[in-house]
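Before any comments, here is the structure.
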Amino acid sequence: MKKIISLCLAFFMTGVLVWADDDFSDMPVQEQADTAGAYFGEIIKYIQENYVGGEVDTQRLVQAAVRAVVGELDDYSDYLTQEEYDLVKASERTVWYAPEFKCDFSGGGYPVISEISRGSRAYQDGIRAGDEIRSIKGVSSYAIGEEEYFDSVTSDVAESVNMSISRGDTIKNYSINLVRVELHSVSAVNNMSELNNKNQVFTDDSVGYIKITTFTNNTSQDFARAIREFKEAGKTKLILDLRGNTGGYVDEAINVAKLIVPNGVIITTRDKKGNITTYSSDLKVKPYEKCVVLVDGMTASSAEIVASAMQDSGAAKIVGEKTFGKGVMQSVMSFDDLGVVKMTTLEYSSRYGKKIDGVGITPDITVDKILFVSEEDKLDSENVIAAFKFLGFRVDENNSVERNLGRYQAEMNLDVTYKLDGPTVAAMNYEIYTELVESDRILGVGYINLLG
C-alpha cells in the first residue's frame with residue numbers, strides 16, 4: 001500500500017513539475033491554445049482510464065471545463081449549451097401566438113379562465129370566464145404551472161391548440177385559435193394625470209412620459225411612434241424613465257438615441273486590438289424644449305448608453321440614483337457540437353470619453369435612496385440624515401439631527417430621548433414606508449425640474 005501511495009504522489013508531483021515548466025505568458029496565442037489543449041487531453045484520458053465512480057461522458061466534461069474557463073473572465077461572460085442558448089433566445093421573443101383568454105393558476109387544480117374578450121373567437125364558441133381547462137393537446141392540465149401552460153399553448157406561428165374545457169359537469173372539446181401577441185417594451189403616457197397618486201398630482205399638459213423597460217428588437221420603432229404622437233399632441237417636455245432597465249439590444253439603444261440625442265457622438269467602442277468605432281446622431285434640433293431622464297441603481301448597459309448620451313449632449317438632466325455601471329458589450333460565438341460562448345469583447349465610453357464600466361452615471365440631480373433606520377444607526381450617518389430630510393425636516397447648522405429627533409419624538413407623542421430608541425425607529429420607518437408606497441419620489445423630482 002505504501003508503494004502504491006508513493007507512486008500516486010510521484011505521478012501527481014511529476015504533473016505539477018511539468019505544468020510549472022510551461023510559462024504560458026511567454027508563448028504565442030496559438031501555442032498557448034495547443035499546449036493547454038494537450039494538458040486537458042491528458043487529463044481527460046487519465047479520467048477515462050482510471051476513474052471508478054461510473055461511466056464518464058467526455059462531452060459533459062468538456063462543457064464543464066469551458067463553462068469554468070469562460071466564467072473566470074468576468075460577470076458577463078458565460079458558456080451555454082445549444083439547448084440553454086435556444087431557451088434564452090425563446091425568452092427574448094417579442095412576438096408569439098397565444099389563446100385569446102387569460103388563466104388563473106392560484107387554485108392549484110385545473111387552470112381557470114379569468115379573462116376573455118367578448119369579441120374573441122373563443123367567446124363566440126361559448127367559452128366563458130370561470131371555465132376550467134381540463135386538458136391541453138390530450139394531456140391533463142391538473143396542477144399545471146403557469147410556465148408549463150405558457151409553453152404548451154403558445155407558438156411561433158398562427159395555428160390552433162386542442163383543449164377540453166369544462167363548466168360544471170359538462171366537458172367540451174375545442175380547437176382554440178392562437179392569435180398574435182406582441183410584447184412592447186415602451187409604454188407612453190400622453191396625459192400625466194394618469195400617473196397621479198395620493199401624494200402627487202401631475203397637471204402640466206405639455207409633459208409626456210415614456211418608460212422603456214428593456215431594449216428589444218422593436219423598441220426604437222415603438223419609441224419613434226410614441227414621440228411622433230407626442231409631437232402631434234403638442235408635447236414640448238419629456239420624462240424618459242429608464243429605471244429598472246438592465247439593457248438589451250445595443251443597436252436598439254443606439255437607434256433610440258438617434259431619435260432624441262442632438263447631433264454628435266452617442267458612444268465610442270473599443271475592442272482588444274484598439275479598433276475604435278463611433279456611433280453618432282445627426283439630429284439637428286432636439287425634439288423637446290426640456291427633458292429629464294429617470295435612472296436608478298438598476299439602470300444598466302444599453303440603458304446607460306442612452307442616459308449618458310442625453311447627459312453629455314445637454315439634451316436632458318439625469319435624475320435619480322447613480323446607475324449600475326455596465327459599460328461593456330458581449331459577443332456570441334457558436335461552436336459546432338459544443339455550444340455558445342458569450343464573451344465581453346467591447347468597452348464603450350460616452351460622448352466626451354467618460355468611462356461607464358464599473359463607474360456608472362452620476363445624476364445631475366440625485367435623489368437619495370431612502371433606507372429604513374435602525375437603533376444601531378449613528379445620528380450623523382447619511383441614512384439617518386436622508387430619512388429626516390425625507391420626513392420634511394431641515395438638517396443644517398441650526399437644525400442638527402439630534403434636535404430634529406427631539407422635535408419628531410415630541411410631535412409623535414413619544415418620550416423625548418434624543419436617541420433612536422425602539423418606538424422612535426418604528427414610527428419613523430412606518431412613515432417612510434407609507435410615503436414610499438404612496439409616492440414616486442424620483443418621478444416627482446423629475447417633473448418639478450421640468451416645470452422650473
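The values are calculated or read from the model by the stated rules, or taken from the named source; none is laboratory data. As the structure is a computational prediction, the values presented were derived from the model and not from experiment. Here the Cβ positions follow ideal geometry from the backbone for every residue, glycine too, while neighbour counts run over all protein chains shown. For the accessible areas, the whole protein counts, side chains as well, though only heavy atoms, and no ligand, DNA or RNA atoms are used. Shrake-Rupley method; radii C 1.70, N 1.55, O 1.52, S 1.80 Å.
Within region 344-378, being within 24 Å of the chain's Cα centre (by Cα) and open to solvent by 80 Å² or more (accessible area, probe 1.4 Å) holds for K354, K355, T362, T366, K369, L371. Set side by side, the residues L420, L391, L405 differ, and just one is within 31 Å of the chain's Cα centre (by Cα), surrounded by 13 or more Cβ atoms within 10 Å (Cβ to Cβ) and touching a residue at least 12 places away in the same chain (Cβ under 8 Å), which is L391. Filtered by the rule that a residue be within 15 Å of G444 (Cα to Cα) and not polar (S, T, N, Q), region 190-208 gives M192, E194, L195, K198, V201, F202, D204, V207, G208. With respect to the conditions (1) more than 30 Å from G325 (Cα to Cα); (2) modelled with pLDDT of 90 or more, V18 lacks only one, and its number is (2).
Based on this model, can you work out whether Y76 counts as out of contact with any helix residue (DSSP H, G or I) (no Cβ under 9 Å at 6 or more places or on another chain), among the aromatic types (F, W, Y) and over 30 Å from V157 (Cβ atoms)? Answer is yes for this residue. I need every pair where a residue in region 289-303 that is on the phi < 0 side of the Ramachandran plot has its Cβ under 7 Å from the Cβ of a residue that is small (G, A, S) and in a strand (DSSP E or B), sequence separation at least 6 or different chains. Pairs found: L294/G320; V295/G320; D296/G320; S302/G248. Residues in region 210-237 that are aliphatic (A, V, I, L, M), within 20 Å of G446 (Cβ to Cβ) and out of contact with any Asp or Glu (no Cβ under 9 Å at 6 or more places or on another chain) were compared, and the one that is least open to solvent (accessible area, probe 1.4 Å) is A226.
Could you check, for region 206-220, whether at least one of its residues is touching a residue at least 12 places away in the same chain (Cβ under 8 Å), farther than 20 Å from D104 by Cβ and of a type in the set (F, W, Y)? The answer is yes, given that some residue of region 206-220 is touching a residue at least 12 places away in the same chain (Cβ under 8 Å), farther than 20 Å from D104 by Cβ and of a type in the set (F, W, Y). Quick one: would you say V52 is over 28 Å from M343 (Cα atoms) and modelled with pLDDT of 50 or more? Yes, satisfied.
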